[in-house]
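Peer 1: One structure is given below, represented as structure tokens, and several questions about it will come after.
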Amino acid sequence: MNEPHDLIQTIAFTEKATILSDTLGKYVFRVAPHANKLQIKHAVEKLFGKTVTDVNTCNYAGKKRRERRADAGRTAHWKKAIVTLKAGEKIELA
């Protein structure tokens, strides 16, 4: 299960992620929780054909939610990766 498409789930299109990509060449991805930095680096290089210089990750715990009669529920835990590309390289997203 170490295929690049399994490790990288989506790319973030938030305002902060857009500013990071435009100014610093950093791209934000939502990745599989079990993926480590080396696996993320190789997956981005294989999928987009770009050179990755740095990977930062952050784990997020799912939030508690309440549904009608159910007392306990929660959203899924997830992991975010901020990938820095080599200077001058860009990923065409649109």
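The values are calculated or read from the model by the stated rules, or taken from the named source; none is laboratory data. Treat the numbers as computed from the prediction; the structure is a model and nothing was measured. Cβ atoms come from the backbone with ideal geometry, glycine included; neighbour counts cover every protein chain shown. What goes into the accessible areas is simple: the full protein's heavy atoms, side chains included, and nothing from ligands, DNA or RNA. Shrake-Rupley method; radii C 1.70, N 1.55, O 1.52, S 1.80 Å.
Peer 1: Mind pulling the angle between the C-alpha long axis of helix 37-48 and the longest principal axis of the chain? Nearest 10 degrees, somewhere in 0 to 90.
Peer 2: Taking the Cα atoms of the chain, the angle to 37-48 is about 60 degrees.
Peer 1: Placing +1 on the Cβ of each Lys and Arg and -1 on the Cβ of each Asp and Glu in the chain, which of Gly25, Tyr60, Leu85 has its Cα farthest towards the positive end of the resulting dipole?
Peer 2: Tyr60
Peer 1: Step through the residues of region 10-26 one at a time and calculate ³J(HN,Hα) from phi using the Karplus curve (6.51 cos²θ - 1.76 cosθ + 1.60, θ = phi - 60°), rounding each to whole Hz and writing x for Gly and Pro.
Peer 2: 9, 10, 7, 10, 8, 5, 5, 5, 5, 5, 4, 6, 6, 9, 10, x, 10
Peer 1: Okay, moving on. Given the convex hull over the Cα atoms of region 1-92, what projected area results after averaging over all orientations, in nm²?
Peer 2: Quarter of the Cα hull surface area: 7.0 nm².
Peer 1: Let me ask something else. Taking only DSSP H segments of four or more residues, each worth -39500 (n - 2.57), what value at 222 nm results for the chain once the sum is divided by all its residues, to the nearest 500 deg cm²/dmol?
Peer 2: -7500 deg cm²/dmol
Peer 1: Using Cα pairs closer than 8 Å and at least 6 residues apart in sequence, work out the relative contact order for the chain, in percent.
Peer 2: 31 percent
Peer 1: Tell me which residues come under 5 Å, amide H to amide H, from Ala35 once H is placed; ignore anything under 5 positions away on its chain.
Peer 2: Here the answer is none, since no amide H 5 or more places off falls under 5 Å of that of Ala35.
Peer 1: Rolling a 1.4 angstrom probe over the protein heavy atoms, how many square angstrom per residue are accessible across region 20-94?
Peer 2: 71 Å²
Peer 1: If you don't mind, there's one more thing I want to ask. With +1 on the Cβ of every Lys and Arg and -1 on the Cβ of every Asp and Glu, and nothing else charged, how large is the dipole of the chain about its Cα centre, in debye rounded to the nearest 20?
Peer 2: 580 debye
Peer 1: Quick one: which residues, 5+ away or cross-chain, put their amide H under 5 Å from the amide H of Thr53? H built at 1.01 Å from N.
Peer 2: Distant-sequence amide H within range of Thr53: Thr84, Leu85, Lys86.
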